[in-house]
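Okay, structure first, notes after.
The values are calculated or read from the model by the stated rules, or taken from the named source; none is laboratory data. This is a predicted model, so every value here is computed, not measured. Please note: Cβ atoms are built from the backbone with ideal geometry, for glycine as well, and neighbour counts cover all protein chains shown.
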4 protein chains.
Amino acid sequence: MKRQARKIYKERGFAASVGFGKKPALLIIDFINGFTDSNCPLGSNFDFEVDSTAKLLSIFRKKSLPVHFTTTVYDEKLISAGVFSKKIPSLSYLREGSKWVLIDDRLKPEEGEVVWVKHYASAFFGTSLSSALRTQNVDTLVITGCTTSGCVRASAVDSCQHGFHTIVVRDCVGDRLRSAHEANLFDLDAKYADVLAIQDVIKYLENHFPSSES
Amino acid sequence: MKRQARKIYKERGFAASVGFGKKPALLIIDFINGFTDSNCPLGSNFDFEVDSTAKLLSIFRKKSLPVHFTTTVYDEKLISAGVFSKKIPSLSYLREGSKWVLIDDRLKPEEGEVVWVKHYASAFFGTSLSSALRTQNVDTLVITGCTTSGCVRASAVDSCQHGFHTIVVRDCVGDRLRSAHEANLFDLDAKYADVLAIQDVIKYLENHFPSSES
Amino acid sequence: MKRQARKIYKERGFAASVGFGKKPALLIIDFINGFTDSNCPLGSNFDFEVDSTAKLLSIFRKKSLPVHFTTTVYDEKLISAGVFSKKIPSLSYLREGSKWVLIDDRLKPEEGEVVWVKHYASAFFGTSLSSALRTQNVDTLVITGCTTSGCVRASAVDSCQHGFHTIVVRDCVGDRLRSAHEANLFDLDAKYADVLAIQDVIKYLENHFPSSES
Amino acid sequence: MKRQARKIYKERGFAASVGFGKKPALLIIDFINGFTDSNCPLGSNFDFEVDSTAKLLSIFRKKSLPVHFTTTVYDEKLISAGVFSKKIPSLSYLREGSKWVLIDDRLKPEEGEVVWVKHYASAFFGTSLSSALRTQNVDTLVITGCTTSGCVRASAVDSCQHGFHTIVVRDCVGDRLRSAHEANLFDLDAKYADVLAIQDVIKYLENHFPSSES
């Protein structure tokens, strides 16, 4: 069925390749304890996706390419959550001061890597991520994180809207539901981003960017 | 499978009802010839969804509630299309001056109904729709249009992000692919919007808003 | 000269009154130690303006009307400062963890009052302040803080752009330079906001909103 | 007095030079008939500034550097004008279909030069100008147009906020009031942009970009 659907899109002029631009940055979306630890109602087991992201992260660092993280954090009274927490009451776990809003230890941010605090799904909404990327001369965003049907989807759509070549790394994004994961990667690849395997991204980086360390 | 998925979401504190606020507006997304006429490569048969939307539109008008339309239009050289037209080359059909960018005649906008020109998927991105709604004291957006997996999804996510109670009318939104239609309504209902049948929206409007005509 | 200039504006259809809407919120911009303590190179003596703001703040609290604060905070490497810190190198004082980025003690935020972290001049840029105000049904923003020619001006322009009735309280906004203070209040009153004396704002609030405490 | 003020800013770490980046675009703000023709209540005599801009425009064209225009246009009922037209009732002259909203003939846009329709002061607000510039790899915005205290100021602040090196060309921006013109150039130079004479901008362009024609 997916094959048939893909065929329809191709015939009608969708799902072309965007490709990489000249300078990629890595965007790691919401790999925070609240989402990667199953003890939180919002959480799931994303060990594979976190480990894959860690691999990619170390390559971006070796090549001195920019890295950005996001987390989702709300004030005590959830005023910054707007109507979003009406729809998803569990967002109330993500309060300032809680361990749930901290980046997963396996991906510890280093100096020079900004952790953007957001309140909604998209990494671009209510943040100045786009301005920072503009200043860093970034034209391509390589996206990992969770969840595919939530913040990853919303951020990838916004990344395209903000004018960035957008790459979603299939092995590095996870979802609570396999069906939603696949459906969203399908949509993203048809309309907004190139969905690539991690090996292809690594190969591209190795071929185009020398490592900065001797 | 969907039932099982819905159960997981409910257990974890997703998919609550947002409900209506105090003043709804109707947002009709991209029901333009290019999308509603199958002679355009971007088009599909959305007769049912357009007719359903026409029904809803006449009720919003009778009750003097705000109505907004969107269209997607690009300059000759597609500079305003950014990387989006790299991913979807067919967007080039939506040039200024073309019949494809005009609102479908069955839904002709009237004076006082703004047609917002957008360049990307979300009705909020690169428009000041949100400011106009703020000035009209609108707190609830009732969304119809196409496509469910494209501009409707992106606009509904942004509507939630901008702080609006968001209602997506199942009978009034359409997609090229049935599977993508269903998958996106599922995501939207779980995280960003209430997905309602048209009768439920009509019933709500009839109960809460007197008709403005004698 | 100002009188002559004002006359020209009036004749040409500028500088009308926007007035209050139905529900005002107080926005206190960047009254942080870095700006209110003259020991910081960015700082000035704003004792009068801070005290006036404290007076207004206590009235908003008594009437249970929403209150919002902003602060400006950068990461260690100033990536979130973009080109802004090239133009204003002193912004480097406003690093995370520094005492300079904390709200002045005379205006201590209480629970239910959000402190928005911004990176640029406007309180709306790169924050979701507008969404929160939308959810709180706020349609009018009463602005205080510093500096008149910097963050206050930029925020007041954006407040108008986002669709809010905008009131700038003359006694509650301050600047390093008297000339810049006056020039910016003049522009704001001509094009974007009503510039009012604190007594007029207090009178309005007392007349329209009962105090919530007995 | 200005000299004294400038000294204070310099001592405190303001008013450094941002400089040019690698790829500039020209942004011509609201040089539309409604503003450049004194027969419109919104208009003034900007012949000198329009002619200076025409000179700069021809250089950007010869060097095949991107050019963008803005205009301000409202719907019949001024819904897209929000509270802005409450403050400035004369904005009602800028209706769709009117000659006032057309770009001044002396600066006729050519193919490949986008005319962005905006509804508020900033060229970035409610447009996707920033995304287009991102796709064109532009990192520097050279700003001309009118008025210095209105749309130019708001756009230059937003340009800085969006991460662009921002150059305001003193000879190419105009205002109804000389005092407002000077006060705003002073603020912009202190905090957001480099204010340069047209000869300096031309010299820079000639030195860094070969003409594309033979």
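Would it be correct to say that residue A:159 is hydroxyl-bearing (Ser, Thr, Tyr) and away from chain D (no Cβ under 14 Å)? Against the criterion (hydroxyl-bearing (Ser, Thr, Tyr) and away from chain D (no Cβ under 14 Å)), residue A:159 does not qualify. Go through region A:76-90 residue by residue and tally those that are more than 8 Å from chain B (Cβ to nearest Cβ), touching a residue at least 12 places away in the same chain (Cβ under 8 Å) and within 23 Å of the chain's Cα centre (by Cα). Summing the residues that are more than 8 Å from chain B (Cβ to nearest Cβ), touching a residue at least 12 places away in the same chain (Cβ under 8 Å) and within 23 Å of the chain's Cα centre (by Cα) in region A:76-90 gives 2.
The one condition from (1) among the basic types (Lys, Arg); (2) out of contact with any Asp or Glu (no Cβ under 8 Å at 6 or more places or on another chain); (3) over 14 Å from residue B:142 (Cα atoms) that residue B:55 does not meet is (3).
Among the residues of region B:168-189, those identified as out of contact with any strand residue (DSSP E or B) (no Cβ under 9 Å at 6 or more places or on another chain) and either free of Cβ contacts under 8 Å to residues at least 24 places away in the same chain or more than 17 Å from residue A:87 (Cα to Cα) (or both) are B:177, B:178, B:179, B:180, B:182, B:183. So in region B:162-183, with the set limited to residues that are small (Gly, Ala, Ser) and within 11 Å of another protein chain (Cβ to nearest Cβ), which one is farthest from residue C:136 (Cα to Cα)? Per the stated criteria, the residue is B:179. For residue C:152, indicate whether it is more than 9 Å from every other protein chain (Cβ to nearest Cβ), surrounded by 24 or more Cβ atoms within 10 Å (Cβ to Cβ) and under 24 Å from residue D:152 (Cα atoms). Here the answer is yes, as residue C:152 does meet what is asked.
Yes/no matrix, rows are residues, columns are (1) in contact (Cβ under 8 Å) with a residue 40 or more places away in the chain; (2) surrounded by fewer than 24 Cβ atoms within 10 Å (Cβ to Cβ):
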site	(1), (2)
A:121	no, no
A:136	yes, yes
A:161	no, no
A:166	yes, no
A:209	yes, yes
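When residue D:34 is tested against (1) out of contact with any helix residue (DSSP H, G or I) (no Cβ under 8 Å at 6 or more places or on another chain); (2) within 13 Å of chain C (Cβ to nearest Cβ), just one condition goes unmet, and that condition is (1).
Among residues of region C:163-212 being basic (Lys, Arg) and over 25 Å from residue C:12 (Cβ atoms), the one that is farthest from the chain's Cα centre (by Cα) is C:203.
Kindly indicate whether any position in region C:166-177 is farther than 16 Å from residue C:56 by Cβ and either among the β-branched types (Val, Ile, Thr) or out of contact with any helix residue (DSSP H, G or I) (no Cβ under 8 Å at 6 or more places or on another chain) (or both). No, region C:166-177 has no match at all. Just give me the residues in region B:137-149 being facing another protein chain (nearest Cβ under 7 Å) and farther than 20 Å from residue B:42 by Cβ, in sequence order. If the condition is that a residue be facing another protein chain (nearest Cβ under 7 Å) and farther than 20 Å from residue B:42 by Cβ, then B:137, B:139 are the ones that fit.
Only one of the listed residues (D:89, D:109, D:41) is of a type outside the set (Gly, Ala, Ser) and at pLDDT below 95. That residue is D:41. Looking only at region B:42-58, decide whether some residue is of a type in the set (Lys, Arg) and within 16 Å of the chain's Cα centre (by Cα). Yes, region B:42-58 contains at least one residue that is of a type in the set (Lys, Arg) and within 16 Å of the chain's Cα centre (by Cα). Restricted to region B:96-131, and to residues there that are within 11 Å of chain D (Cβ to nearest Cβ) and small (Gly, Ala, Ser), the residue that is farthest from residue A:159 (Cα to Cα) is B:112.
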